[in-house]
Amino acid sequence: MTVLALDQGNAGDAFLADAQKYRRELLAHCYRMTGSLHDAEDLVQETYLRAWKSYAGFEGKSSVRTWLYRIATNTCLTALDNRKRRPLPSGLGGPAADPNDDITARPEITWLEPLPEAPRDDPSDPSVIAESRESVRLAFIAALQHLSPRQRAVLVLREVLQWKAAEVGEAIGASTAAVNSLLQRARAQLEEIQPTRDDEPAPPESAEAADLLARYVSAFEAYDMDKLVQLFTADAVFEMPPFDTWYQGPADIVTLSKNHCPAEKAGDMRFLTTVTANGQPMAALYMLNPQTGVHEAFQLHVLDVRPAGIAHVVAFKEDDLFAKFGLPATV
């Protein structure tokens, strides 16, 4: 039974109905903590269930929003006990692979997942602020996975939500000194994992991002590898979980596409570019099934677009992600 299906006849239910306006930002919060859309959805549901059960003890010493975040944070910390982190292939520690070698799917690894982007109607809305694009970009979420769950919680609450150290300590049951120590170590680890870049990513709605995305799609659909190689930065990275390897440089990325992509000619691939993920441009790839003559859901390509070109592509291949993004199974 879902939370919304509970009886709406008492004060707790009325509170819970009103608290639904925080659902989207709580989803982003749980996603930052777990790196999983599926887990985040379950944890938000669990957060509301816990809030409903404990509403009688809510004394109003903090806002409802803050109270829900505290519950969500602790729900995530409990869920993350003894769970392995969700990496991308490039985060497994191995070097860039040779595109001429065989590739191996590793479905037993719990891979990082993308997050559908919500409508951004009002940038002053707290839910929009809490889900700022920088705080859900794939590179940031992947870097968070290298931190311990408590480090993640402290970093997100302090840096993304801008809570005071004392508030964070109260939320996770730690002293202010412990919070500051966790934050210092988390910042140092993040800088080592993901050094600050000089260039800024292009937002999906920018002319620059739209042009590169259109050229990327056009090159694949036309199976024109010469055009594709021109779109990447010199150090571009391409990876495609659940395969456990990653590739660097335009030449290797194109060789990978030639060697391991099921497409063989123009028309074998079609794309939809109607949605975005993690505050980044995204192209949904549909591959032709020669037996049925239908283009079927294949991969979700999430692009990191920089002034010099496409710097990073993560091509996610997971059957139910298309439905999670509201995309059709075939085109």
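Could you state the angle between the C-alpha long axis of helix 250-260 and the longest principal axis of the C-alpha atoms of the chain, as a value from 0 to 90 degrees rounded to the nearest 10?
Around 80 degrees separate the two axes.
Where the convex hull is taken over the Cα atoms of region 137-182, what is its projected area averaged over directions, in nm²?
3.0 nm²
Which loop-located trypsin sites (Lys or Arg not before Pro) does region 177-250 contain, where loop means any DSSP state but H, G, I, E or B and the Cβ has at most 12 other Cβ atoms within 10 Å?
R197
Over the alpha carbons of region 266-321, what is the largest minus smallest coordinate on each principal axis, giving the biggest first in Å?
On the principal axes, region 266-321 reaches 41, 26, 17 Å in Cα extent.
Determine the share of the chain's accessible area contributed by carbon and sulfur atoms, expressed in whole percent, with a 1.4 angstrom probe.
Answer for the chain is 50 percent, counting heavy atoms of protein chains only.
On C-alpha positions alone, give me the angle between the axis of helix 207-221 and the longest principal axis of the chain, in degrees, nearest 10.
The angle comes out near 50 degrees.
Which is the longest run of the chain containing none of the GluC sites (Glu not before Pro) found in DSSP loop states (not H, G, I, E, B) with at most 13 other C-beta atoms within 10 Å?
My reading of the result: 109-204 is the longest stretch.
At a temperature of 37 °C and a viscosity of 0.692 mPa s, determine how fast region 10-71 diffuses translationally according to Stokes-Einstein, using the Kirkwood radius over alpha-carbon pairs as Rh; express D in µm²/s, rounded to the nearest whole number.
For the chosen part, D equals 278 µm²/s.
For the cross-link pairs K84/K164; K21/K324; K258/K324; K53/K324, which exceed 25 Å when the distance is taken from alpha carbon to alpha carbon?
Listed pairs above 25 Å: K84/K164; K258/K324; K53/K324.
What whole-number value in Å² describes the accessible area per residue of the chain for a 1.4 Å probe?
Normalised by residue count, the accessible surface of the chain is 46 Å².
Can you quote the Å³ per residue value for the convex hull of the Cα atoms in region 178-331, rounded to an integer?
Measuring per residue, one finds 142 Å³ for the Cα hull of region 178-331.
Over the Cα atoms of the chain, compute the convex hull volume and normalise it per residue, giving Å³.
152 Å³
The values are calculated or read from the model by the stated rules, or taken from the named source; none is laboratory data. Given the structure is predicted, the values throughout are model-derived calculations rather than measurements. Quick reminder, even Gly has a Cβ in these numbers, built from the backbone with ideal geometry, and neighbours come from all protein chains shown. Note: accessible area is taken over every heavy atom of the protein model, side chains too, but ligands, DNA and RNA are not part of it. Shrake-Rupley method; radii C 1.70, N 1.55, O 1.52, S 1.80 Å.
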